Amino acid sequence: MTCRAVFGWLDENFERVLILIFYSYFIFVILVEITLRTLFSSSLHFTEESARHAFIWLTWIAASLAAKKRLHISIDLVSRSLSRRGQFYLSFFYSALFIVFCLYGLRYVSPVIEAQIQFGVVSVATRYPMYLAYAAVPAGYGLMIVRVVQNLVVDIADLRAGRPLRRGAALI
Amino acid sequence: MIEIVLVGVVVLIGLFFAGVPIFVALGLGTILIFELTNNSAMLSNLGTASFEGVNGFAFLAVPLFILTGDIISRTGIARALLQLAGAIIGHIRGGITATVLLACGIFAAISGSSASDAAVFAKLSIPELEKRGYPRDYSAALVAAGGTTAVLIPPSIGFILISYTLQLSLTDLFLAAFVPGVFTLVLLIAINFVYVRWGPLRSLALDEQKFSFRQLRSSLDEAKVGLCFPVIILGGIYSGIFTPTEAGAVAVAVGLLHGALTRRLTFGEYCDALLSSGIVVGVVMPIVAVAYFFGQALTVFEAQAALVKFVLGATTNPVSVLLLMFVILFILGTFMDLVPNILVLGPLLLPIAVGIGMDPLHFGIWFMFTLAIGLITPPYGINLFVVCGISGCGLIDVSKRIAPFLLSMILASAIIAAVPRLSLFLIR
């Protein structure tokens, strides 16, 4: 596979694969826990905690997929009343705000993770390094920045080519 | 200091109405509040809030109650439920419209998402209603209204968020919501009946086929797998065998097993179902995280206390206060999504409700049922968007048809507010 094909595949599937992994994982461990509890009256110590952490990863990776597909909940009444060029400038401005917010997120989560690495903080029940769970947050903010920039590039191309600008599809 | 909070709130509302995604608007508004007050300690909480705000085992139920609904609609169970509803009330004159509402209500005891309830039955029943001559925009409004029961009748994603933001037991909320939920469904069916039989559509309400026990039995047989799901989910939660999250996982497992055994669900469809409910997590949970951050701003500046003092300083008459809250919830419900409304308004209004002597659990139920009206009111109503997308009708055309359903839901909200026992008698 060429480098381009690899990136193309990642662009299309990166978040999807991670979502499937984290989502299937937590469904699976919850079922294991229930089975153990009801049939064998025993319990694993790591299921609840690792399920929660998998869910946090799911949250932030799916947030990136939602950004890519322009699905984050917003009202587009103002934008709909504008010309195509007006829509573009508005969406440019909103994308900038989106990125600013993600940068704030990255700025304030990094010291937390640095401290966790420095002091060797581990999770309460399973005792794996806590930064593995916390890394979901910078991964999400970072990926969202990438996706928002990608969409802006698409918008610029659409604007130049005279095509209508894209909008998010319905969520369900 | 409270003025700065107001500035932040005005900015975030402005950004949202201008079209910025709600979680970005809420986040930037909160950042502005802390930047203006030079409160870098609170500002740095954004990092931990992005993690701790979504770190709860109960949240895992959010996608699971959507996934279950998705699986059963892919494996034909939703269609069987629709046929069962038809066998129960389809024979009454105009009964096909009631059939759709009843099927939405049964599905609501499996699914927790009003948008997916509406989506499933818009696809299944709008073509059928059209064959009987019902106008498409009316059918779309009917399904949009029926879909709201998914957040009213447990399990419900709305109550998962309310449980978190108002610090109420989710099991209690699910128990308390059951009777008001079924009551609202009955009200929707009843008022729709009046509308169909005596309103502008009366010429369409024909005598349907005769009621037959044989048909009822065969459709019960078809739907028996589907009827297991409410038993597993609600039975499991109410009896205390499962937490809501576990009940969701078990329901998903049963749905997958059934789909695999009957070969109605392929691996590819499993992945699609996971992705479409997974992405809802990516849309809803960042709002929860940022609302947690915003909540810290409200707490630091004691905004709740200021609001309580302001409102209860003006009047302590419970009826006026309730009316005021109703107007706020109704108006914001028309413009804003259910999720931010729950997360932002819940903690602000609960102290006021407690101030007029309302039970917090009763408030939680009434709050949900009132906000749910916003699911079918333009300009921003998720259920309207869903049915418009599927039926191809315009938002304005469908909105003109929502009057009978709007009336039912407003009436339900008023009765739930006036009769606390309706919500509380199963609990206390």
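The values are calculated or read from the model by the stated rules, or taken from the named source; none is laboratory data. Predicted model, so just to flag it, every value in this text is computed and none were measured. Here Cβ is always computed from backbone atoms with ideal geometry, including for glycine, and neighbour counts include all displayed protein chains.
If I filter region B:234-256 down to residues being part of a helix (DSSP H, G or I) and without any contact (Cβ under 8 Å) to a residue 60 or more places away in the chain, which single residue comes out as farthest from the other protein chains (Cβ to nearest Cβ)?
B:Gly235
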Given the conditions (1) in contact (Cβ under 8 Å) with a residue 12 or more places away in the chain; (2) surrounded by fewer than 21 Cβ atoms within 10 Å (Cβ to Cβ); (3) farther than 18 Å from A:Leu132 by Cα; (4) touching an Asp or Glu at 6+ places or on another chain (Cβ under 9 Å), and given that A:Glu48 satisfies all but one, which numbered condition is not satisfied? (3)
B:Ala122: touching a residue at least 12 places away in the same chain (Cβ under 8 Å) and either of a type in the set (Val, Ile, Thr) or surrounded by 24 or more Cβ atoms within 10 Å (Cβ to Cβ) (or both), yes or no? yes
If you go through region A:11-37 one residue at a time, how many are more than 9 Å from chain B (Cβ to nearest Cβ), of a type outside the set (A, V, I, L, M, F, W, C) and closer than 30 Å to A:Gln150 by Cβ? 4
Cβ pairs under 9 Å, 6+ apart, first in region B:257-268 and under 17 Å from A:Leu31 (Cβ atoms), second of a type in the set (Phe, Trp, Tyr) and modelled with pLDDT under 95: B:Gly259/B:Tyr270; B:Ala260/B:Tyr270
Can you list residue pairs whose Cβ atoms sit under 9 Å apart, with the first residue in region A:63-82 being within 7 Å of another protein chain (Cβ to nearest Cβ) and closer than 15 Å to A:Ser95 by Cβ and the second being surrounded by fewer than 18 Cβ atoms within 10 Å (Cβ to Cβ) and charged (D, E, K, R)? Count only pairs 6 or more apart in sequence or on different chains. A:Asp76/A:Arg167; A:Ser79/A:Arg167
One residue from A:Ile145, A:Ile117 being out of contact with any Ser or Thr (no Cβ under 7 Å at 6 or more places or on another chain), at pLDDT 95 or above, among the hydrophobic types (A, V, I, L, M, F, W, C) and in a helix (DSSP H, G or I): A:Ile145
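Take B:Tyr270 and tell me if it is more than 25 Å from B:Thr165 (Cβ to Cβ), within 14 Å of chain A (Cβ to nearest Cβ) and part of a helix (DSSP H, G or I).
Values: more than 25 Å from B:Thr165 (Cβ to Cβ): yes; within 14 Å of chain A (Cβ to nearest Cβ): yes; part of a helix (DSSP H, G or I): yes.
In short, yes.
So in region B:25-37, with the set limited to residues that are at the interface with chain A (Cβ under 7 Å from one of its Cβ atoms) and without any contact (Cβ under 8 Å) to a residue 60 or more places away in the chain, which one is farthest from B:Phe301 (Cα to Cα)? Step through it out loud before you land on a result.
Initial filter on region B:25-37 (at the interface with chain A (Cβ under 7 Å from one of its Cβ atoms)): B:27-28, B:31.
Filter once more, so that each one left must be without any contact (Cβ under 8 Å) to a residue 60 or more places away in the chain: B:28, B:31.
Working: B:Leu28: 17, B:Ile31: 14 Å.
In this case the residue turns out to be B:Leu28.
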Just to be sure, is B:Ile160 closer than 19 Å to B:Ile373 by Cα, out of contact with any His (no Cβ under 9 Å at 6 or more places or on another chain) and within 14 Å of another protein chain (Cβ to nearest Cβ)? yes
Within region A:120-142, residues at pLDDT 95 or above and in a loop (DSSP other than H, G, I, E, B) come out as A:Ala135
State whether the residues of region A:146-159 include one that is within 14 Å of chain B (Cβ to nearest Cβ) and within 29 Å of B:Asn55 (Cα to Cα). yes
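Listed here are the residues, each with its yes/no results for (1) on the phi > 0 side of the Ramachandran plot; (2) within 24 Å of the chain's Cα centre (by Cα); (3) surrounded by fewer than 14 Cβ atoms within 10 Å (Cβ to Cβ).
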residue: B:Leu216; (1), (2), (3): no, no, no
residue: B:Val225; (1), (2), (3): no, no, no
residue: B:Pro230; (1), (2), (3): no, yes, no
residue: B:Ile237; (1), (2), (3): no, yes, no
residue: B:Gly240; (1), (2), (3): yes, yes, yes
residue: B:Val252; (1), (2), (3): no, yes, no
residue: B:Leu256; (1), (2), (3): no, no, no
residue: B:Ala260; (1), (2), (3): no, no, no
Mind listing just one residue for me: the one in region B:38-53 that is more than 9 Å from chain A (Cβ to nearest Cβ) and outside any helix (DSSP H, G or I) and, of those, farthest from A:Ala115 (Cα to Cα)? B:Asn38
Result of the Cβ filter at 8 Å on region B:2-21, keeping first residues that are within 15 Å of B:Phe335 (Cα to Cα) and partners that are among the charged types (D, E, K, R) and assigned to a helix (DSSP H, G or I), at least 6 apart or interchain, is none
